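Working notes, structure below.
The values are calculated or read from the model by the stated rules, or taken from the named source; none is laboratory data. Owing to the predicted nature of the structure, the values given are computational and were not obtained by experimental measurement. Because the Cβ atoms are built from the backbone with ideal geometry, glycine has one as well, and the counts that use them run over all protein chains shown. Ligands, DNA and RNA are stripped out before the accessible areas are found, and what is left, the full protein with its side chains, is counted by its heavy atoms. Shrake-Rupley method; radii C 1.70, N 1.55, O 1.52, S 1.80 Å.
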Amino acid sequence: MACNENVIKNIANEIARNCVAQSSVTVDPEFVIYLIDLLLLNPKYGKLFSKTISRNNLEFFVSECVAMLTKCETSVNTLKMQFTMQTSYDKLQVLVDKHLDSIDICLRPLVSEILDEDPEDEAALKKLFRKMSIYIILTSGLGNPGSIGTLKEGMAALESVFTLDDLKVFASMPRVEKLAQLNELTQVTSGVRLFNRDCKNGGEGIPDLPFNLVDAGKACLSSLSNALIAVMQRVNTLTSAIADTVSIQEETGNVLLDLPASSKLTENDYKQVFELLAFNRQYEVYIRKLLSDVESLVQSGTAQVDKFRVVLEELHAAVKYKAAVPTVTVFPLFSKVWQVWRCMQNIMYLVATVNRLMGTLSLIQEQMKIPVPLVQSMLQGRAVTSDQDRVSRVSVEDRISLGSFKNFVAYTDSTMSLKERNVKMLQPLSIDQFLGFCAVCLGVGALIPSNMKIGLIKSKGDKYGFCSVKMAARFSRDPQRYVNEVLEYSRNNPHLINLLNIASAVNAVKDIQLLVTRIEPKTKVMDKDIQTETHPVEGYIEKNYTWDLWEWKRRACQWANIVNCQTHSTQTNYSHLRSEIHCQTVEPRNKCLQTKQDCGVNTTPNGVFLWGLRGQLGCGQHSMPLTEIDTEKNKAKVISVCTWPCITNGGVTSEPDMG
């Protein structure tokens with residue numbers, strides 16, 4: 001890679017200057033270097049500087065970083081928290097060693113003056129003696145030598161164990177032996193001052209370290225416990241809001257967000273909640289780590305306080321009722337008192353470091369506000385559940401179904417290490433990979449804790465946990481695919497790399513452009529007959545219509561030119577050539593179609609009756625009009641007019657007209 005340490009430092013300085021110039025946002029160049037190292041794990045940015053550094057690529061990368069830092073998103077605050085912990089906190093012994101080294105570096109010029117001093121007269125000897133007293137007070141941390149009372153007490157304590165004759169011998173010794181004796185004098189003199197303080201004969205400027213140590217440890221434990229309770233409430237709320245939103249396709253195995261159809265929530269809303277959950281999970285991990293360290297510091301501090309009292313009792317017993325005590329007997333006791341005191345000082349420094357770091361993390365955490373209306377809409381009235389409550393939601397049948405997989409590992413208490421059981425850290429920390437979060441849900445950025453009772457799936461020596469049996473069964477078919485999906489998502493979202501402890505895995509695939517090829521679902525085709533209406537809506541489409549005014553002008557000019565043109569035809573050698581037209585036809589199908597409506601039609605009955613069709617004697621066949629039968633009974637009427645035919649002479653009479 002073309003980017004070395006100096007190039008990255010120059011890029012970071014340029015990014016910091018652009019942030020101030022564009023948005024008045026001040027960023028630490030060291031933090032920018034931390035961000036650049038994570039971004040270069042992504043091939044999108046890593047390939048820009050793989051061979052040579054061009055100005056265009058550099059400007060693009062700087063603009064991307066400036067945009068990320070000036071937006072002040074949740075992911076940037078997560079990165080700031082990680083950077084703060086990495087630069088300000090380490091293993092406890094390493095912190096103590098760094099603290100003691102810093103004290104030695106500060107006092108190194110004074111030590112050089114003491115070791116190089118070659119006094120020639122008594123005034124020079126007193127000056128050297130005074131320098132040694134100042135050095136012992138400073139390196140022991142027992143007061144301020146700028147105070148006259150403290151300096152006099154320190155010189156008196158040194159004089160009680162180191163006379164002027166001894167100082168002359170000290171000045172003539174080699175440099176290495178001088179340094180060894182100076183360290184020995186520091187322990188003995190500091191022990192004498194502590195003994196005098198316990199005897200109420202001095203101790204000006206020396207704090208009551210045993211009492212302060214116990215009190216500070218308890219206060220720090222209380223502060224961390226309250227912070228852990230608060231962050232776990234936020235974590236449980238956010239986790240419950242997204243617990244049921246991640247689904248997996250049965251056909252392709254793709255991990256998707258199952259957004260409610262009736263909700264107005266979008267993927268950006270869920271991404272915002274995912275980043276908030278990652279921030280609070282990172283904060284939880286750090287609080288648990290600090291809480292565990294402070295618990296061990298309090299235990300160690302209590303033991304050192306008791307040990308300090310025992311050593312003082314031994315020292316009092318050694319010098320009680322005695323006018324003179326051999327130095328061989330008493331000097332080791334003074335040194336032992338000082339060594340125990342130094343241990344308490346180191347513990348006090350670590351507790352103060354944790355308090356200071358806790359304050360810095362709290363300032364970052366206070367900037368993150370949870371969008372309550374958005375989270376409430378995601379919960380949809382569901383109850384908030386904790387990580388421990390989710391463990392009891394697995395049946396025995398589900399675990400038995402998973403037991404058929406060859407890479408299945410049943411979870412037992414023996415899976416956890418002894419240290420994890422004693423410390424009782426976050427439940428998922430007992431799993432090797434991904435901090436115990438569901439390995440399938442991480443493919444879309446959802447930090448959903450694994451359910452330990454489901455069991456684990458082992459792949460390439462690492463164990464992975466899952467939030468449901470369905471996720472575990474799908475992961476066991478192709479573990480590497482889902483691991484690559486997590487790596488792909490993490491390198492595009494760098495705040496997850498150190499949270500999940502996968503920096504080495506992401507670094508191993510930083511040169512691979514595409515880790516996962518997304519499987520698209522197959523398009524389903526079916527043969528189906530559909531009967532539609534020929535013309536459901538009567539309409540007319542003008543083929544020559546256009547909305548463009550210039551098109552109408554062009555047509556007008558064309559029509560004006562056609563008027564002055566003459567049409568004629570010409571027979572050419574190729575006029576007889578015709579191309580064959582190929583048509584693709586579809587064979588008719590034997591299908592039955594159902595008409596739109598089934599109905600019957602009744603004809604109008606004839607209203608005329610033909611008389612005499614059966615050959616009755618009388619006036620012959622003739623038609624008679626039919627009228628509706630009156631339902632009411634008519635009264636008898638007197639006939640005064642005779643209707644046709646009325647023949648009385650021939651003995652034939654017609655039926656009276658009933659109308």
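Structure notes:
- Inside the range 450-479, residues that are open to solvent by 40 Å² or more (accessible area, probe 1.4 Å), within 20 Å of GLU251 (Cα to Cα) and of a type in the set (Lys, Arg) make up a count of 2.
- Selection status of THR245, hydroxyl-bearing (Ser, Thr, Tyr), touching a Phe, Trp or Tyr at 6+ places or on another chain (Cβ under 8 Å) and open to solvent by less than 50 Å² (accessible area, probe 1.4 Å): yes
- Residue within the range 524-532 that is under 52 Å from the mean Cα position of the chain (by Cα) and open to solvent by less than 80 Å² (accessible area, probe 1.4 Å) present: yes
- Residue tally, condition surrounded by 20 or more Cβ atoms within 10 Å (Cβ to Cβ) and under 21 Å from the mean Cα position of the chain (by Cα), over the range 57-73: 2
- Against the criterion of being open to solvent by 20 Å² or more (accessible area, probe 1.4 Å), in contact (Cβ under 8 Å) with a residue 12 or more places away in the chain and of a type in the set (Ser, Thr, Tyr), TYR482 does not qualify.
- Residue satisfying all of: in the range 126-144; open to solvent by 20 Å² or more (accessible area, probe 1.4 Å) and in contact with a helix residue (DSSP H, G or I) (Cβ under 9 Å, 6 or more places away or on another chain); farthest from SER102 (Cα to Cα) among these: LYS126
- Among the residues making up the range 204-234, a single one is touching a helix residue (DSSP H, G or I) at 6+ places or on another chain (Cβ under 6 Å), of a type in the set (Val, Ile, Thr) and either free of Cβ contacts under 8 Å to residues at least 12 places away in the same chain or over 24 Å from LEU333 (Cα atoms) (or both): VAL231.
- Each residue in the range 322-367 was checked for being hydrophobic (A, V, I, L, M, F, W, C), closer than 24 Å to ALA230 by Cβ and open to solvent by 30 Å² or more (accessible area, probe 1.4 Å), and 2 of them qualify.
- For the criterion of being among the charged types (D, E, K, R) and surrounded by 13 or more Cβ atoms within 10 Å (Cβ to Cβ), LYS152 passes.
- Note on the range 1-56: residues that are within 23 Å of the chain's Cα centre (by Cα), of a type in the set (A, V, I, L, M, F, W, C) and not in a helix (DSSP H, G or I) total 3.
- The lone exception for SER476 - which of (1) at pLDDT 90 or above; (2) farther than 30 Å from MET81 by Cβ it fails: (1)
- Yes/no for ILE53 being open to solvent by 40 Å² or more (accessible area, probe 1.4 Å), in contact (Cβ under 8 Å) with a residue 40 or more places away in the chain, out of contact with any strand residue (DSSP E or B) (no Cβ under 8 Å at 6 or more places or on another chain) and of a type outside the set (Lys, Arg): yes
- Residues that are of a type in the set (A, V, I, L, M, F, W, C), open to solvent by 30 Å² or more (accessible area, probe 1.4 Å) and more than 30 Å from PRO373 (Cβ to Cβ), drawn from the range 272-307: VAL298, ALA303
- Tally of residues being touching a residue at least 60 places away in the same chain (Cβ under 8 Å) and open to solvent by 50 Å² or more (accessible area, probe 1.4 Å) across the range 168-203: 5
- Residue pairs whose Cβ atoms lie under 7 Å apart, sitting 6 or more positions apart in sequence or on different chains, and linking a residue in the range 113-135 that is outside any helix (DSSP H, G or I) to a partner that is small (Gly, Ala, Ser), are GLU117/ALA171; ASP118/ALA171; PRO119/ALA171.
- Every condition in (1) modelled with pLDDT of 90 or more; (2) open to solvent by 20 Å² or more (accessible area, probe 1.4 Å) is met by SER24 except one, and the failing one is (1).
- Within the range 330-351, residues that are part of a helix (DSSP H, G or I) have Cβ atoms under 6 Å from residues that are among the small types (Gly, Ala, Ser) and surrounded by 22 or more Cβ atoms within 10 Å (Cβ to Cβ) in these pairs: PHE334/GLY191; SER335/GLY191; VAL337/GLY191; TRP338/SER190; TRP338/GLY191; ILE347/GLY301; VAL351/GLY217, counting only partners at least 6 apart in sequence or on another chain.
- Taking the numbered list (1) open to solvent by 50 Å² or more (accessible area, probe 1.4 Å); (2) part of a helix (DSSP H, G or I); (3) aliphatic (A, V, I, L, M) in turn, ALA227 passes all entries but (1).
- Restricting the range 104-125 to residues that are surrounded by 13 or more Cβ atoms within 10 Å (Cβ to Cβ) and not acidic (Asp, Glu), the residue that is nearest to ARG175 (Cα to Cα): LEU115
- Residue selected from the range 430-445 under the condition surrounded by fewer than 24 Cβ atoms within 10 Å (Cβ to Cβ) and part of a loop (DSSP other than H, G, I, E, B), by the criterion modelled with the lowest pLDDT: ILE431
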